[in-house]
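The values are calculated or read from the model by the stated rules, or taken from the named source; none is laboratory data. Please read these numbers as outputs of a predicted model, since none were measured by experiment. A quick note on method: Cβ atoms are made from the backbone with ideal geometry, for glycine too, and the neighbour counts reach across all protein chains shown. What goes into the accessible areas is simple: the full protein's heavy atoms, side chains included, and nothing from ligands, DNA or RNA. Shrake-Rupley method; radii C 1.70, N 1.55, O 1.52, S 1.80 Å.
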Amino acid sequence: MGHNHILIVDDNESIHEDIETILSNSSGDSDPELQQIEDDLFSDMSEHKEEAVAQVDYEIDHAYQGEEAVDMVAEAQEKNNPYSLVFMDIRMPPGIDGIQAIKKIWENYPYTEVVICTAYSDYSLDEIIQNLGTTDKLLFIKKPFDATALKQMALTQTTKWQLQQETISYTEKLEEKVNERTKQLNKSVEKYKKMKEKAEEASATKSIFLANMSHEIRTPMNGVIGMNDLLMETDLDEEQKELSQLVKRSAESLLRVINDILDFSKIEAGKMEIEKIPFNIRDVVKEVVEIITFSSDEKGLDISYTVDDDIPQKLLGDPTRLRQILLNYGSNAVKFTEEGYVSFNVELIKSEAKENLVQFSVVDTGTGISEEKQTDIFGSFSQADSSTTRKFGGTGLGLAICRQLAELMDGEVGVESELGEGSTFYCTVPLQEVEDQQEDEEAPDKEDSDELSIFPEELHVLVAEDNKINQMVATKILEKEGMNIDIVETGREAVDAVDKKDYAFVLMDIQMPEMDGYEATEKIREKEKETGNHLPIIALTASAMEEDRQLCLDAGMDDYVPKPIDKQELMRVLKEIVVNNSNHRISSN
Ligand code: ADP
């Protein structure tokens, strides 16, 4: 793009001639004064020096009116040969004057350099600036012209214009590059978003898979554990007793693994709920120590515990999850300790207002863990030694679950250990102290939950369950309580049976042919809207996921019992639902 395209605007032809003569003369009879100026001006700009010192060939156009000048500027721009400099007269009647013409030119081409050629009688400098604003694109030269000054102006202003154009195109290119980069970045962001969505989808699929798998495993486990329990209540010789004891232990340990996997997947899916209820830490520790003492009996370890006296009697938190962490630490300690002791300690680390920081630690004198292995021992599927699986079993999920549970409670876990000396596993959690009234509300519940049910009369109950073995397990348990049992195998049969007979309650399997437990329950509840009765319905569910339980309650069931059916758990639920329900009916009659 040439930078030497100049427009002269004046209504006086002789001015055109003057300017053109001065500019075209620029190198012919080399003016030493100008040469000096050129040298001074461009001595730093080696790139432009040659150009500047050399003959400058200006391409000069002429306009005689303001409007004409505005049009010519636009035209030159369109032809991609813009004017770098315009010499502008002020008074050019008729039509717009030079100031208005400059205004118009700058509206569209703000970079155009302008030299105003004035005589004394024209606008004052202040007036011009008022009209055009302060700008660095404007110079003045007075008529009659000083040749050197004019040449110098033409040279510096056209060069300035050129430099500015270069800057602009450089900036544009830079912007283009930035845009290109931004586009690429956006594409990457999109890509990562999609990857994240896919990962989340995969994780959700995994949780569903795990829930389904647990269902599939728990159902036959129901049969194994239930039938084995029944078997153990029959007349067995010593060998048979031992074998069925082995079956029981294996089944229970399999159930523990399934529970671990379930807990882990629940936490991963963000479905693990942490409770905040009043509890006494001493009860929790005592209970854990009892279980651990019982299970470590044959090893002859010394199992003990201490609880800091300063710890308040009632704290707010999740005793089930704390018990789970302590049991995990405790059973690991017993597993990896051949002689010596395992001790449980609960200490108050900090107490401010009602907020307590409580630290649980389990110390053992077992194998210990090398420093290297300690670093990732709380990660999932991590076992300090790969031979561990063979020797001790386990999934490597226990400590990962402990850590995640502690974190869900805003706490943390840790370990200190020395190979061959023993280990100390920590868990520190903040626990609030409970106000006195809350404590009282909790208390009465506890006592009567220990005492097991005596049902009021011979009850007629309905078991809706298609699996023969589960039918048998449920029947045996309920018969022992003196109940009278009817069995159906589909949801539809359950709805019909309830229509024909008054039952004290229904044990309702969820997955049955023809009509599932949810639908059957909904149908029964629908009919009850007319009669005003309420038949207790207890779901039998092998799904341990919280959502499935919620689905049971949403369908109108009163409670649920997980499979494999645990007798104590079933009795607890029955007592709560059936006894309370009949009391309620009696008192409201
Ligand atoms: P696992 O189900 O395999 O026991 P955990 O997550 O509970 O899984 O434990 C992971 C590993 O940490 C164990 O396999 C064992 O190597 C090591 N470990 C845990 N507790 C102890 C301990 N008290 N003493 C020595 N090693 C331990």
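Please list, in order along region 100-113, the HN-Hα scalar couplings obtained from phi with the Karplus expression 6.51 cos²θ - 1.76 cosθ + 1.60 (θ = phi - 60°), rounded to whole Hz, x for Gly and Pro.
5, 4, 4, 3, 5, 4, 5, 4, 9, 10, x, 8, 4, 7
Starting from the amide H of F505, placed 1.01 Å from N in the peptide plane, find each other amide H under 5 Å away whose residue is 5 or more places distant or on another chain.
Distant-sequence amide H within range of F505: L462.
Pop out the Kirkwood hydrodynamic radius of region 75-118 from its pairwise C-alpha distances, inverse of mean 1/r, in Å to one decimal. Please report the intermediate quantities before stating the final value.
Details: mean 1/r = 0.0906 Å⁻¹.
About 11.0 Å, per the Kirkwood formula over Cα pairs.
What Kirkwood Rh does region 91-209 have if only Cα atoms enter the pairwise 1/r average? Answer in Å.
After inverting the mean inverse Cα-Cα distance, the result is 19.4 Å.
Rounded to whole Hz and in sequence order, give me ³J(HN,Hα) for region 460-475 from the Karplus expression 6.51 cos²θ - 1.76 cosθ + 1.60, θ = phi - 60°, writing x for Gly and Pro.
8, 10, 10, 10, 9, 7, 8, 7, 4, 5, 5, 4, 5, 4, 4, 4
Of all the accessible heavy-atom surface of region 274-328, with the other protein chains kept in place and a 1.4 Å probe, what percent is carbon and sulfur? Don't skip to the answer; put the middle values down first.
Working: 1340 of 2830 Å².
Within region 274-328, the accessible surface is 47 percent carbon and sulfur.
Using the heavy atoms of the protein chains alone and a 1.4 angstrom probe, what is the accessible area of region 309-372 per residue in square angstrom?
Numbers: 2870 Å² over 64 residues.
Per residue, region 309-372 has an accessible area of 45 Å².
Tell me, in nm to one decimal, what length is gained between A119 and L163 on full extension, where the rule is 0.36 nm per residue of separation less the Cα-Cα distance? Can you show the working numbers first?
On the way: separation 44, 0.36 × 44 = 15.84 nm, distance 3.06 nm.
Computed gain between A119 and L163 is 12.8 nm.
What ³J(HN,Hα) values, in whole Hz, does the Karplus curve 6.51 cos²θ - 1.76 cosθ + 1.60 give for region 322-337 when θ = phi - 60°, with x put for Gly and Pro?
5, 4, 4, 5, 5, 5, 5, 4, x, 6, 4, 4, 5, 4, 9, 10
Name the residues whose placed amide hydrogens come within less than 5 Å of the amide hydrogen of H62, ignoring near sequence neighbours (fewer than 5 apart) on the same chain.
Excluding prolines and chain starts, which carry no amide H, the hits are I8.
Given the Cα-Cα distance of Q568 and L230 and 0.36 nm per residue of separation, how much length would full extension add, in nm?
On the way: separation 338, 0.36 × 338 = 121.68 nm, distance 1.48 nm.
Full extension from Q568 to L230 adds 120.2 nm.
Determine, for each peptide in 271-278, 151-158, the mean count of other beta carbons within 10 angstrom over its residues, then list the peptides with the highest first. Write down the numbers at each step before the final one.
Numbers: 271-278: 13.9, 151-158: 20.8.
Ranked from most to least packed, the peptides come out as 151-158, 271-278.
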